[in-house]
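First the structure, in the form of structure tokens, and then the observations on it.
The values are calculated or read from the model by the stated rules, or taken from the named source; none is laboratory data. All of these numbers come straight from a predicted model, not from anything done at the bench. A quick note on method: Cβ atoms are made from the backbone with ideal geometry, for glycine too, and the neighbour counts reach across all protein chains shown. For the accessible areas, the whole protein counts, side chains as well, though only heavy atoms, and no ligand, DNA or RNA atoms are used. Shrake-Rupley method; radii C 1.70, N 1.55, O 1.52, S 1.80 Å.
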Amino acid sequence: CGGSISNSSGMLQSPFYPGSYPNNADCVWEIQVENNFRVMLTFRDIAMQSGRCHYDYIEVYDGPPHSSPLLGRLCSGSFPTYTSSSNMMTVRFHSDSRYTFRGFQAHYSSIPADHNTTLLCLPDYMRAVVSRDYLQSQGYLAQMVTLNDNRCQPTVTSHEVIFNIPYNGCGTIQEENNDTINYSNMIKVTSSGHMIKRKKDIHLHVSCKMLQNTWTQIMYVAEDTVDVNENQFGRYDMHIGFYDSSSFSQQVHNSPYYIDLNQNVYVQASLHNSDQNLTVFVDTCVASPDPHDFNTLAYDIIRNGCVRDSSYATYYSPYGHFARFKFNAFEFISRHPLVYLQCELVVCRLGDYSSRCYRGCISRSKRETSSAEEKVNVVVGPLKLREGSRNAGKIK
């Protein structure tokens with residue numbers, strides 16, 4: 001029921017399809033394909049409680065569910081096809097507590113986007129690329145393309161004009177909008193005539209929008225000159241590693257990392273991004289012997305910001321881009337040959353006390369019910385009990 005999907009194509013269906021779906025279901029699928037591709041979703045079967053779709057329904061969003069336009073809400077009738085404007089689409093299935101039916105089945109695939117202009121939001125800068133063939137088709141030369149701040153020059157190749165635009169320079173504007181942080185700039189394509197102009201100037205507005213841990217990348221052309229939309233989604237560049245002491249000066253690169261029972265394990269999560277006004281929060285950390293399954297057999301160290309292991313403690317970090325904590329090597333490690341750690345990290349605006357980063361422990365009942373709440377998932381390990389350590393004989 002729901003989850004993040006990154007394959008280029010696949011199938012979605014309601015729980016237990018083609019059997020009857022359960023009551024009170026709320027499934028959210030986030031489909032994210034490669035950059036500069038779009039998601040095409042086609043419904044093949046819909047059998048749900050009909051009417052005005054108030055009770056059982058499917059919603060399709062053009063991107064993340066909390067900040068994107070609703071493409072459609074359906075529960076019966078024809079089998080439509082939806083195409084995203086970016087490389088991300090969200091599908092939500094909801095049922096109430098009354099009637100139940102067969103549900104739905106849909107197929108999705110990725111299709112190439114228009115490659116006249118592309119945009120990629122990287123950790124330190126956004127890369128905007130304009131095709132020279134596109135410029136030539138509109139009657140422009142590569143020399144006519146400049147950034148809003150003309151001191152930042154592009155790289156011109158035989159096929160493209162490439163701008164690497166930093167988030168903290170070249171005239172990039174930073175704006176806050178609720179839980180979204182926007183970084184925007186503008187590329188100008190100007191005709192050569194000063195007194196008499198035969199063609200309109202083209203303004204390429206580029207912006208990277210940060211929604212907790214999701215980058216929304218948008219490029220569009222203003223003034224109805226050309227209808228171009230390039231929306232992309234990416235993930236933060238996050239690293240998590242073990243350290244040998246509370247000074248966090250020496251990272252442990254050994255794999256597996258051999259430890260003693262009750263030894264302190266020091267962990268640092270770091271965000272690689274040029275915007276220094278961001279901060280990192282450790283929401284959840286879970287240990288498991290299986291690096292691909294942190295549900296079946298798992299040990300909670302911290303969950304939803306609530307400390308579950310008494311040895312867990314945080315450390316002061318001089319920079320918001322780092323989150324530091326420690327825990328003791330617990331009995332759980334002595335029962336399994338290798339143990340992995342999965343942490344869910346949230347990125348917020350520094351000083352935004354209404355954001356998740358400043359709200360601490362939140363019980364499950366108080367959290368949003370959507371399974372698509374944005375987080376960065378990082379797995380690190382394995383940890384292995386050192387031979388000769390106390391109780392080491394319990395390793396199986």
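Where in the range 112-189 are there strands (runs of 3 or more DSSP E), lying fully within it, with 2 or more residues that are among the small types (Gly, Ala, Ser) and crowded, with 16+ Cβ neighbours inside 10 Å? Explain how you work it out, then say what you get.
Working: elements: 117-121, 125-131, 145-147, 160-166, 173-177, 180-189.
In the range 112-189, 125-131 are the strands (runs of 3 or more DSSP E) which contain 2 or more residues that are among the small types (Gly, Ala, Ser) and crowded, with 16+ Cβ neighbours inside 10 Å.
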Can you list residue pairs whose Cβ atoms sit under 6 Å apart, with the first residue in the range 115-141 being over 15 Å from Asn185 (Cα atoms) and the second being open to solvent by less than 70 Å² (accessible area, probe 1.4 Å) and in a helix (DSSP H, G or I)? Count only pairs 6 or more apart in sequence or on different chains.
Asn116/Tyr134; Arg132/Ala142
Identify all residues within the range 291-309 that are closer than 19 Å to Val265 by Cβ, part of a loop (DSSP other than H, G, I, E, B) and not aliphatic (A, V, I, L, M); write none if there are none.
Pro291, Phe294, Arg308, Asp309
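Looking at the range 59-100, which of its residues are of a type in the set (S, T, N, Q), in contact with an Asp or Glu (Cβ under 6 Å, 6 or more places away or on another chain) and not in a loop (DSSP other than H, G, I, E, B)?
If we filter the range 59-100 for residues that are of a type in the set (S, T, N, Q), which is where we start, we get 67-68, 76, 78, 81, 83-87, 90, 95, 97, 100.
In the following step, the residues that additionally are in contact with an Asp or Glu (Cβ under 6 Å, 6 or more places away or on another chain) were identified as 68, 84-85, 90, 95.
Answer for the range 59-100, where residues must be of a type in the set (S, T, N, Q), in contact with an Asp or Glu (Cβ under 6 Å, 6 or more places away or on another chain) and not in a loop (DSSP other than H, G, I, E, B): just Thr90.
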Residue, farthest from Gln32 (Cα to Cα), within the range 70-109, restricted to residues that are among the polar types (S, T, N, Q) and surrounded by fewer than 19 Cβ atoms within 10 Å (Cβ to Cβ)
Ser97
So Ser14 clears everything in (1) among the small types (Gly, Ala, Ser); (2) at positive phi; (3) modelled with pLDDT of 90 or more except one condition, right? Which one?
(2)
Any chance Val347 is over 15 Å from Tyr257 (Cβ atoms), crowded, with 20+ Cβ neighbours inside 10 Å and either touching an Asp or Glu at 6+ places or on another chain (Cβ under 6 Å) or modelled with pLDDT under 75 (or both)
no
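Just give me the residues in the range 241-264 being more than 30 Å from Arg349 (Cβ to Cβ) and of a type outside the set (Ser, Thr, Tyr), in sequence order.
First pass over the range 241-264, keeping only residues more than 30 Å from Arg349 (Cβ to Cβ): 244-245, 250, 252-264.
Matches in the range 241-264: Asp244, Gln250, Val252, His253, Asn254, Pro256, Ile259, Asp260, Leu261, Asn262, Gln263, Asn264.
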Given (1) in contact with a Lys or Arg (Cβ under 6 Å, 6 or more places away or on another chain); (2) not assigned by the TED database to the domain that holds His205, identify the lone condition not met by Ala142.
(2)
Unique match (being assigned by the TED database to the domain that holds Phe104, at pLDDT 90 or above and not polar (S, T, N, Q)) among Gly19, Gly77, Gly63, Gly51:
Gly19
Going through the range 38-55 in order, the residues found to be surrounded by 16 or more Cβ atoms within 10 Å (Cβ to Cβ) and under 25 Å from the mean Cα position of the chain (by Cα) are Arg38, Val39, Met40, Leu41
Of all residues in the range 313-335, which are in a loop (DSSP other than H, G, I, E, B), within 18 Å of Ile259 (Cα to Cα) and open to solvent by less than 30 Å² (accessible area, probe 1.4 Å)?
Ala329, Phe330
